[in-house]
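The values are calculated or read from the model by the stated rules, or taken from the named source; none is laboratory data. None of the values given here were measured: they were computed from a predicted structure. Positions of Cβ are generated from backbone atoms using ideal geometry, with glycine treated the same way; all protein chains shown enter the neighbour counts. Side chains are part of the model used for accessible areas, which takes the heavy atoms of the whole protein and leaves out ligands, DNA and RNA. Shrake-Rupley method; radii C 1.70, N 1.55, O 1.52, S 1.80 Å.
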Amino acid sequence: MTDASHTALSTGAAIHDGDAVRVAVNDGTTSIAAGREASAGPETPSGRRRLVDRRWFRIAGGAIIPLLLLGTWQWVSTSGLVPLSQLPSPEMVWLAAVDLAERGLLGLYVAISTQRVFIGFAFGGAIGLALGAIVGLSRLADVLLAPTLGAIRAVPSLAWIPLLILWFGIAEDSKVILIAIGAFFPVYTIVSASLRHVDRQLIEAGRAFGLHGVALFATVQLPAVVPSVLSALRLALAQSWLFLVAAELIASSMGLGFLLNDSGQNGRIDRIFLAIILLAVLGKLTDSVVALVERWAVRRWA
Amino acid sequence: MSATSATARETSGSAAAVPVSFRGVGRAFDTAGGTRQVLRDIDLEVQSGEIVAILGPSGCGKSTLLRIAGGLDRATEGGVSVDGTPVTSYDPRSAVGFQEPRLLPWRTVAGNVALGLPRGTSKAVGREKVARLIELVGLAEFAGHRPREISGGMAQRTSLARALARNPGVLLLDEPFGALDALTRLKMQDLLLDIHAAAPTTVLLVTHDVDEALQLADRVILLGSDGETPGADIRQVVVVPGARPRDRGSAELAELRGRLLDGLGIDRHGVARGIESTTTIPHYPF
């Protein structure tokens, strides 16, 4: 039975008699449930999910390659194939971490780097959202602002550093501003583009029902772009970590970028490995949090 | 059917049908090579509570005419007035049903119907009215579903309920059943007639389906071009006889259908074959 035919049935039923309504409606419910299963894709007709869709397998499967890498690393470094000055053993990296933690530096570095990322990301993301909305909604703003912002975006991130240091010194401000610049552009670009591409038919329907200005924005345009805003924020967060290291490599006295730079100058390859691993873990963790929000938003708004 | 009519009457409440008049309406679009005239010299008076079907070949400007009446497009010549006042932009007295349901995918069926409520409707009144309209279009069980979870016909009924939530004086329907399968379309036509019988608002219905026009309309307006002057104007106005609901198989309607198909430039085949048969096929006694 096709969707259309039971629609017809239930229309008629609703008009003519009660019993048929029940039949038609039940029918509708089951076929919709079936439709959902089909659209969910991975679910097989019997209701059993395929292995790659099971939660435990996704977690365990994602850990396989890191564990293999760790094993290979351990084996290569202990077998003497590569000198320890080039490739420290996992144990050395762990000891470096314990050593830094005992001096109270590890927590401090992680905290200060995370703080810089979050503040820069918050400012850059917020300004990106605002300007992206203005440029995406107003043709005039698009004409006036888009070329300039496009040119600023074309400047490589490292080119800002000398200027920011001259203007804002080597304190927190210059670093946070650099990170904000990094977070700004993905949000600005994606938000303005997706606002411009909201389904015209939906906007027209909104207009036909008397919505305009702020009400139209809040009712139609904003909900329509929520999923893309979240993927923009996710991208911006990744950019923020990238720009953090750029900022901290140049002029800083603490943070993970400083740890990298300092260890490079002192030949502490174990700490270089530690800093890289910490950046990977922190970046992945923060990304996963935003990804969870994104998944919720896609379910809710798309 | 009577139960539905009662509901519709309660639901519509304050809706008062209003007349619509088109005076010398023309519309030209700017194109790369100049302008292209789509509509010209449309003069039409639609009475309060009348159902007028606008029929014509595709691309003749039927939808444009409807959009002008709803304030979604502007005439380049002449103008449309609703209840005596000219339509300039979006008009709160009219409600539009599009060919596509155009539902907001993040809202439930009930939420989408609520979009049609006039500004300033209080929450309690609005909720009650939405519930009644959803009941009226037979979707009570699906009020909490999202548009992607219901069929095309249900989505189109939601869209109709949303338009009715306006309490429209004029209901503008742009091929509202065009994308539905044949059977669902017939059911939807009956539903529209029930709603109209209970609360006779003025209806302007654009369609490409001759049978639909004959089944629903008091008058059928045939748009078309004379082949010489650019732009389409009114070629024929057909007053459809008989009270609704009409017998879908009636001979009188079949005759009108033939005339309208002729007007649309479709060969009806029937007449020619009939004449042939009398001359070539031997009849009793042989």
Exclusive hit being away from chain B (no Cβ under 12 Å), outside any helix (DSSP H, G or I), open to solvent by less than 50 Å² (accessible area, probe 1.4 Å) and modelled with pLDDT of 50 or more, set A:81, A:87: A:87
Options A:302, A:275: the member that is over 13 Å from the mean Cα position of the chain (by Cα) and buried (at least 18 other Cβ atoms within 10 Å of the Cβ): A:275
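Out of A:152, A:170, report the one residue that is closer than 26 Å to residue A:257 by Cα, surrounded by fewer than 16 Cβ atoms within 10 Å (Cβ to Cβ) and modelled with pLDDT under 90. Working first, answer last.
Numbers: A:152 fails: modelled with pLDDT under 90.
The match here is A:170.
Kindly establish whether residue B:89 is within 15 Å of residue A:210 (Cβ to Cβ) and crowded, with 19+ Cβ neighbours inside 10 Å. Walk me through how you get there before you give the answer.
Working: within 15 Å of residue A:210 (Cβ to Cβ): yes; crowded, with 19+ Cβ neighbours inside 10 Å: no.
Against the criterion (within 15 Å of residue A:210 (Cβ to Cβ) and crowded, with 19+ Cβ neighbours inside 10 Å), residue B:89 does not qualify.
In this structure, does residue B:52 turn out to be of a type in the set (A, V, I, L, M, F, W, C) and in contact with a Pro (Cβ under 9 Å, 6 or more places away or on another chain)?
Details: of a type in the set (A, V, I, L, M, F, W, C): yes; in contact with a Pro (Cβ under 9 Å, 6 or more places away or on another chain): no.
Judged against the criteria, residue B:52 is not a match.
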Failed condition for residue A:175, given (1) open to solvent by 20 Å² or more (accessible area, probe 1.4 Å); (2) under 27 Å from residue A:113 (Cβ atoms); (3) of a type in the set (Lys, Arg): (1)
Every pair of residues 6+ apart whose Cβ atoms lie under 6 Å, when the first sits in region B:47-75 and is farther than 21 Å from residue B:239 by Cα while the second is among the basic types (Lys, Arg): B:64/B:27; B:73/B:67; B:75/B:27
Test: residue in region A:179-188 that is assigned to a helix (DSSP H, G or I), surrounded by fewer than 15 Cβ atoms within 10 Å (Cβ to Cβ), out of contact with any strand residue (DSSP E or B) (no Cβ under 6 Å at 6 or more places or on another chain) and in contact (Cβ under 8 Å) with a residue 60 or more places away in the chain: no
Count - residues of region A:92-139 that are in contact with a helix residue (DSSP H, G or I) (Cβ under 7 Å, 6 or more places away or on another chain), open to solvent by less than 60 Å² (accessible area, probe 1.4 Å) and in contact (Cβ under 8 Å) with a residue 40 or more places away in the chain: 20
Residue B:119 touching a Phe, Trp or Tyr at 6+ places or on another chain (Cβ under 7 Å) and either in a loop (DSSP other than H, G, I, E, B) or within 30 Å of residue B:60 (Cβ to Cβ) (or both): no
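For region B:34-110, give me every one of the strands (runs of 3 or more DSSP E) that falls completely inside it and has 3 or more residues that are more than 14 Å from every other protein chain (Cβ to nearest Cβ) and in contact with a strand residue (DSSP E or B) (Cβ under 9 Å, 6 or more places away or on another chain).
Working: elements: B:34-46, B:51-55, B:77-82, B:94-97.
Counting at least 3 such residues, we get B:34-46, B:51-55, B:77-82.
Quick one: is residue B:153 facing another protein chain (nearest Cβ under 9 Å), in a loop (DSSP other than H, G, I, E, B) and surrounded by 17 or more Cβ atoms within 10 Å (Cβ to Cβ)?
no
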